[in-house]
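Nothing in this text is a laboratory measurement; each read-out follows from the coordinates by a stated rule. Computed from a predicted model, the values in this text were never measured in an experiment. When we count neighbours, we look across all protein chains shown, and the Cβ atoms used for this are built from the backbone with ideal geometry, even at glycine.
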Amino acid sequence: MLGQSISRNSLLLGLFAAFTSAIIASTYLGSRDQIKANIRAAEEKALLQIISEDRHDNSMLDNTVATDNVELLGLRESKDIYLATQDGQFVGAIIPATSREGYTGDIDLIVGVNRDGSIAGVRVLSHRETPGLGDAVERKKSDWVDSFIGKSLNNPQPAQWGVTKDGGVFDTFTGATITPRAVTGAVYKALQYFDQNRDHLIASAEKEISGDE
């Protein structure tokens, strides 16, 4: 009798486990598409903060070029450059970059660059900088990153592309110099990358829209 009871309980537990797994799998499959849609919406929202919807008519998420550049962008893995076009013409690119010179680690950001080489906007995506000090690089904490808008490789001149403590034109934060210095350097290098790859990015964007082989 004891053996039959154990066998019956084992069978019931097995059936319960199978039933539970089926429910979990069904829930996952049912929500997977929604999760992907939510992630895509969040990514698109971040891109639109830099190149607004009225400036382009393509889906930047679907018009990309991969890069794993380390020298100028500091990337630790391959990432996408997002390309914006309007009426089939290149408008700008949103370039990923990583500064490895943060106070407490890597600082990941994206830099929007207009066709003419000027900055459309900058957003810091992730960092581990000190709360209340270095985290002022976040747009939700301060508008410091907006000081890059409209700047280019020669505006200001290269010698002034730095923080004020180093003789540059970009402000630092009270009690924090390393973090803004790291971000400023990464933004400048992203501009250099765009300058060196401008023709390729324009051709890639406009080829994608025209459908040329």
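Taking 0.36 nm per residue of sequence separation and removing the Cα-Cα distance, the D171/N155 pair yields an extension gain of 4.2 nm. Close amide H contacts of G105 (hydrogens built in the peptide plane, cut-off under 5 Å, sequence separation of 5 or more or a different chain): none are found.
The alpha-carbon positions of region 52-180 define a convex hull whose volume is 113 Å³ per residue.
What net charge do the residues around I149 carry, taking every other residue with its C-beta under 12 Å from that of I149, with Lys and Arg at +1 and Asp and Glu at -1? Could the numbers behind the result be given before it?
Numbers: positive: R123, R139, K151; negative: D143, D146.
Residues close to I149 contribute a combined charge of +1.
Close amide H partners of G121, meaning residues 5 or more places away or on another chain with modelled amide H under 5 Å apart, are G112. Summing +1 for each Lys or Arg and -1 for each Asp or Glu, what net charge is found among the other residues whose Cβ lies under 13 Å from the Cβ of Q86? Around Q86, the charge tally is -3. With the convex hull of its Cα atoms as the shape, region 44-124 has an orientation-averaged projected area of 5.5 nm².
Please report the projected area of region 85-145's Cα convex hull averaged over all directions, in nm².
Working: hull surface 18.9 nm².
Dividing the Cα hull surface by four gives the mean projection, 4.7 nm².
Under 5 Å from the amide H of I81 lie the amide H atoms of V65, A66, T67, each residue being 5 or more positions distant or on a separate chain, with H modelled from the backbone and absent for Pro and chain starts. Run the reach check for K189 against lysines, Cα to Cα strictly under 29 Å, same-chain hits fewer than 8 apart removed. What comes back? Filter leaves K45, K79, K140, K141, K151, K165, K207.
Restricting to DSSP loop positions (anything but H, G, I, E, B) with no more than 16 other Cβ atoms inside 10 Å of their own Cβ, which trypsin sites (Lys or Arg not before Pro) remain in region 116-199? If you can, show how the numbers build up before the last one.
On the way: sites: R123, R128, R139, K140, K141, K151, K165, R181, K189, R198; in loops: R128, R139, K140, K141, K151.
Of the trypsin sites (Lys or Arg not before Pro), the ones in loops of region 116-199 whose Cβ has at most 16 other Cβ atoms within 10 Å are R128, R139, K140, K141.
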